[in-house]
Structures are given as C-alpha cells and as structure tokens.
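K.L.:
Can you read through this structure? Questions will come right after.
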Amino acid sequence: MKIQLGCIADDFTGATDLANNLVRSGMRVVQTIGVPAGPLAADVHAVVVALKSRTIPAAEAIAQSLDALKWLQAQGHNGQSPQIYFKYCSTFDSTPEGNIGPVTEALMDALGTDFTIATPAFPDNGRTVFKGYLFAGNVLLNESGMQNHPLTPMTDANLVRVMQAQTKRKVGLIDYKTVTQGETAIRARIAALRAEGVGVAVVDATSNDDLHLLGPALKDMPLVTAGSGVAIGLPANFGLKPSLQASQLPAATGLQAVVSGSCSLATNAQVAHFKTTGRPAMVINPAALMHGQSDAVVQQVLAWAAPLLKDGPVLVYSTAEPDAVKAVQAQLGVAEAGALVEHALAAVARGLVDLGVKQLVVAGGETSGACVQALGIAQLQIGPQIDPGVPWCHAPSENGGVHITLKSGNFGTEDFFSKAFTVLA
Ligand code: ADP
C-alpha cells in the first residue's frame, strides 16, 4: 500500500502523540523507530518516522530528516511524494540555531516548495497560538517554566521572531481573524504572504475548531510543519472520517505485564493504585543493581513473575518518590543510575516476553526507548487510545508480535495500569 501522509517527528514520544491524533481522525498509521532499512510492509494511510533530532547539532538533524524524507517519498503513490508533515514539540522546543528552522528549510529545498506553515498549537493540551504568541495553559511560553529548560530554554513567546531567528526565509503570520473565516480567507492570506516573499507562516489557532478550519487550506501543501494538533484537520483532506477501523489491531493474546521506570508524580500514583488491585508487584532497587548484580536481579524478578503471570498482569517497577530518587542519584550519579535501571528494566521486559507476555505496558519515556530497543521493535501499528496521547500499539514479529503501550511520565489516569488491559480486551 502507498501512503498519503509521511511524517517526520523529532522525538519518540512526540511521534506517538502525532500518530495517535491521526488515528483518531481516521487514518491507519504505523510509527517506525528511525528510518526503516526496507520498504513498508503494512497497509496504512500514514507513517510517522520517529527520530531523536530535537537537540542534536543542526547539520545532523537535517541529514536524518532528509534520509527520512527520501524513504517516505519512496512509499508514495506512483512515485508521487506523499504530503510531508514535520512534527516538533507543542512548546516549539528549539535553540536560536534550531533545529526547527534549519530542518524546515532543508525539507522545503528538497521538496522544491517555497511556502509552508509553522504552528505548535495543540488546544487539547493547552497549547494555543494567538497573534503569533504561544501560550502554554494560561501563560505565555516564556512564563511557563520553559524559559528554564536545560536544553531548549524558550525565552520569547513570539513565534514569528523565534522562527525568523532560525531561518533565512522570511517569516509571516496568518492570524486568528483570517483562520476563523475558513479556507478561502486562509488561502487568500497565503497568496498575499507569498507575494510578499514570505516562505514560512506561523498560524494562530486557539481551539480545535480553528485546526479544523485550517485543515482544508493545507490540502496539496507539499510540506506542513507543526506540533501534533494540526493533524486532526488533515485526514479529512484524503476523504477519511474517524472510524473504529483506523485503530484496529490484531486480537490481543498472551500474558500481561507492566514495567515502570518513570518516577513522575502520575506514575507513582499509578503504581500505588495497581497495588490496591491485589495483583502482584515487585520493586527493583537501583542500589541492588550495582557491582555487576543486574543480571542476577533480573533473573530473580523473572523467576518471581513466571508462576504468577497465568492469573493476570504483574508489575515490575523502579518507580520511586523524589527523595528516594535523589538519594540513589547522589550515590550512583544521575546518568549512571538512569542507565543501570533502564538496562535492567529492558532486560526484564525482554524476559517477560520470552515467558509469554504479549500485552506489555511500559511507563517512562527513556524506559520505553530502552524496552523497545531490547525487544528489537522497528515498527509499531497504532491502535486505540487508552488516555490522551497514549495509544496501544502492535509490534509485528514472526510469533504473532506483541501489543505494547508506551506511556510517557505524566500521562494517564491513576488506574492506567489496569485500565489499559481492559481497553485492549
Ligand atoms: P519519564 O517519562 O517519567 O521522564 P523516563 O523513563 O523517561 O520517565 O525517565 C526516568 C529515568 O529515571 C530513567 O532514566 C530511569 O532509569 C530512572 N530511574 C527509574 N527509577 C529510578 C530510581 N528508583 N532511582 C533513580 N533513577 C531511576
């Protein structure tokens, strides 16, 4: 099958967020981990290639994005490029050097197009753009805490200025007055901006209605750049409507387990809630993994889990309260503690799958990356949403594959670890 929409995401959980929005609007979607080596095997409308290019040097981000573009173009209809969607964070995470501007420019050059849009608006998540200014919740971006981000401090909420600092192309604005008038007005504004030599237009959107008004005006635009919000207005351009079929996965089989390495507030509450259901839970203490003891601990955990799995899901977690995490970090170092725990949890995930687990919940962004790698997963078919931003996925393999959900830190309701299996059933 040839794809209609090809997406390039600058990080892993952001890719899943975009894929989830596309599925909810009627597209069947596969997410790939990096640029695949071979052609696409699945029958889908869209592919999201997940890169890790948000904070790497701009030249590398450009090279990876162009690789992804080339692969996506090869998956289009009759040699025609599918529409391309460059996805970045809804807080426009970037530095004055990029990478949003440089990657956008490189994709425009490669696609031979002189115009695209840029908008991180995602009203469902409180990200709105008004007169070119990005709000996170009720405050401007530069008052939201993002001004203190360790890697990509955002000190200016004016996206026209922020984007202009990163690109040689002229940046303009399609403001809310135009957007609320709909497709014809938006197209007229685009024509006027183009005539002024503008190459990239920031677009206002304060509600999902705005994004649905914007969608039709983006039909036939070779390149769209945005957060995940704009995705809700695109599938309709291909004649698609929300449908149960879009999120259909193969029937779930096998045993169930949860592996949790996130120490966020939400995940701590989810671990506590799971314990109240009476199902077994085993903690992994990072200090016990030191001095080459990791393999032995993993084997103990798997021996504990093996006889329990037939009765329902088990939980293996390193999730801890902030004080405990700080103490471990002081003892081992932040990076070393993280790597030790990620490695052990990934080995546990691998061992659980070998024991017959085919429905796996993973909590934590970095933890998810480690588990997906340990399981050798290269592609994920996106299925039904459990909670906003967190869908079930299916990773095919010779033995029928596994159902897996990757929950980033603060997502999900308190009962997520049990609810997830109910949603799948
Ligand atoms: P989140 O999505 O909540 O940020 P991540 O998995 O991305 O979760 O990050 C959590 C990090 O904390 C991982 O590197 C993980 O290995 C590490 N970690 C997990 N449990 C502990 C613990 N008890 N003490 C110290 N570090 C931990």
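The values are calculated or read from the model by the stated rules, or taken from the named source; none is laboratory data. All figures in this text were calculated on a predicted structure; none of them were measured in a lab. All Cβ positions, even for glycine, are placed from backbone atoms using ideal geometry, and neighbour counts span all protein chains on display.
K.L.:
Got at least one residue in the range 43-58 being surrounded by fewer than 19 Cβ atoms within 10 Å (Cβ to Cβ) and either of a type in the set (S, T, N, Q) or outside the structural domain of LYS219 (by TED's automatic domain parsing) (or both)?
P.N.:
Yes - at least one qualifying residue is present in the range 43-58.
K.L.:
Of the conditions (1) touching a residue at least 40 places away in the same chain (Cβ under 8 Å); (2) part of a helix (DSSP H, G or I); (3) within 12 Å of the ligand (Cβ to nearest atom), ALA327 satisfies every one except a single condition; which number is it?
P.N.:
Result: ALA327 passes all but (1).
K.L.:
Filter the range 269-288 down to residues that are free of Cβ contacts under 8 Å to residues at least 40 places away in the same chain and assigned to a loop (DSSP other than H, G, I, E, B) and give me whichever is nearest to ALA370 (Cα to Cα).
P.N.:
ASN285
K.L.:
Within the range 214-268, count every residue that is assigned to a loop (DSSP other than H, G, I, E, B) and of a type in the set (S, T, N, Q).
P.N.:
Of the residues in that region, 6 qualify.
K.L.:
Take the range 89-113 and flag every residue that is among the acidic types (Asp, Glu) and within 17 Å of VAL202 (Cα to Cα).
P.N.:
Within the range 89-113, ASP93, GLU105 meet the criteria.
K.L.:
To continue, here is another question. For residues that are crowded, with 20+ Cβ neighbours inside 10 Å and farther than 19 Å from CYS371 by Cα, tally how many sit in the range 27-42.
P.N.:
Count: 3.
K.L.:
Okay, moving on. Quick one: count up the residues across the range 335-378 that are farther than 13 Å from VAL259 by Cβ, more than 8 Å from the ligand (Cβ to nearest atom) and more than 19 Å from the chain's Cα centre (by Cα).
P.N.:
Let us first name the residues in the range 335-378 that are farther than 13 Å from VAL259 by Cβ, namely 335-340, 354, 356, 358, 365, 373, 376-378.
Of the ones still in play, those that are also more than 8 Å from the ligand (Cβ to nearest atom) are 335-336, 354, 356, 358, 373, 376-378.
Then keep just the ones that are more than 19 Å from the chain's Cα centre (by Cα); that gives 335-336, 354, 356, 358.
Matching residues across the range 335-378 total 5.
K.L.:
Any chance you could count how many residues in the range 152-180 are under 11 Å from LYS131 (Cα atoms), of a type in the set (A, V, I, L, M) and part of a loop (DSSP other than H, G, I, E, B)?
P.N.:
The total comes to 1.
K.L.:
Starting from residues that are in contact with a helix residue (DSSP H, G or I) (Cβ under 9 Å, 6 or more places away or on another chain) and without any contact (Cβ under 8 Å) to a residue 60 or more places away in the chain, keep the ones in the range 65-94 and report whichever is surrounded by the fewest Cβ atoms within 10 Å (Cβ to Cβ).
P.N.:
Only one residue fits best here, namely GLY79.
K.L.:
Quick check on the range 10-32: of everything there that is away from the ligand (no atom under 16 Å from the Cβ) and in contact with a Phe, Trp or Tyr (Cβ under 8 Å, 6 or more places away or on another chain), which residue is nearest to VAL390 (Cα to Cα)?
P.N.:
LEU18
K.L.:
I'd like the full set of residues that are more than 12 Å from THR206 (Cβ to Cβ) and modelled with pLDDT under 95, limited to the range 125-138.
P.N.:
Answer for the range 125-138, where residues must be more than 12 Å from THR206 (Cβ to Cβ) and modelled with pLDDT under 95: ASN125, ALA136, GLY137.
K.L.:
Can you name the number of the only condition in (1) farther than 29 Å from GLY126 by Cα; (2) under 18 Å from the mean Cα position of the chain (by Cα); (3) among the aliphatic types (A, V, I, L, M) that ALA231 fails?
P.N.:
Only one criterion in (1) farther than 29 Å from GLY126 by Cα; (2) under 18 Å from the mean Cα position of the chain (by Cα); (3) among the aliphatic types (A, V, I, L, M) is unmet by ALA231, namely (1).
K.L.:
In addition: Can you find a residue that is of a type in the set (S, T, N, Q) and over 24 Å from the mean Cα position of the chain (by Cα) anywhere in the range 165-173?
P.N.:
There is at least one residue in the range 165-173 that is of a type in the set (S, T, N, Q) and over 24 Å from the mean Cα position of the chain (by Cα).
K.L.:
Now for a separate question. Examine the range 139-151 for a residue that is farther than 19 Å from THR104 by Cα, modelled with pLDDT under 95 and touching a Gly at 6+ places or on another chain (Cβ under 9 Å), and state whether such a residue exists.
P.N.:
Looking through the range 139-151, at least one residue is farther than 19 Å from THR104 by Cα, modelled with pLDDT under 95 and touching a Gly at 6+ places or on another chain (Cβ under 9 Å).
K.L.:
Only one residue in ILE3, ILE62, ILE8 is outside any loop (DSSP other than H, G, I, E, B), among the hydrophobic types (A, V, I, L, M, F, W, C), in contact (Cβ under 8 Å) with a residue 24 or more places away in the chain and more than 26 Å from CYS371 (Cβ to Cβ). Which one?
P.N.:
ILE62
K.L.:
Okay, next question. Quick one: count up the residues across the range 303-317 that are crowded, with 18+ Cβ neighbours inside 10 Å and either part of a helix (DSSP H, G or I) or within 16 Å of the ligand (Cβ to nearest atom) (or both).
P.N.:
The number of residues fulfilling the criteria is 5.
K.L.:
Kindly check whether there is at least one residue in the range 392-411 that is within 20 Å of THR13 (Cα to Cα) and in contact with a Lys or Arg (Cβ under 7 Å, 6 or more places away or on another chain).
P.N.:
Looking only at the range 392-411, we keep the residues that are within 20 Å of THR13 (Cα to Cα), and these are 392-396, 402-411.
Remaining after also requiring in contact with a Lys or Arg (Cβ under 7 Å, 6 or more places away or on another chain): 402-403.
Yes, the conditions are met somewhere in the range 392-411.
K.L.:
Looking at the range 107-150 only, could you name the residues that are over 21 Å from TYR176 (Cβ atoms), free of Cβ contacts under 8 Å to residues at least 60 places away in the same chain and either assigned to a helix (DSSP H, G or I) or in contact with a Lys or Arg (Cβ under 9 Å, 6 or more places away or on another chain) (or both)?
P.N.:
ASP109, ALA110, MET146, GLN147, ASN148, listed by residue number.
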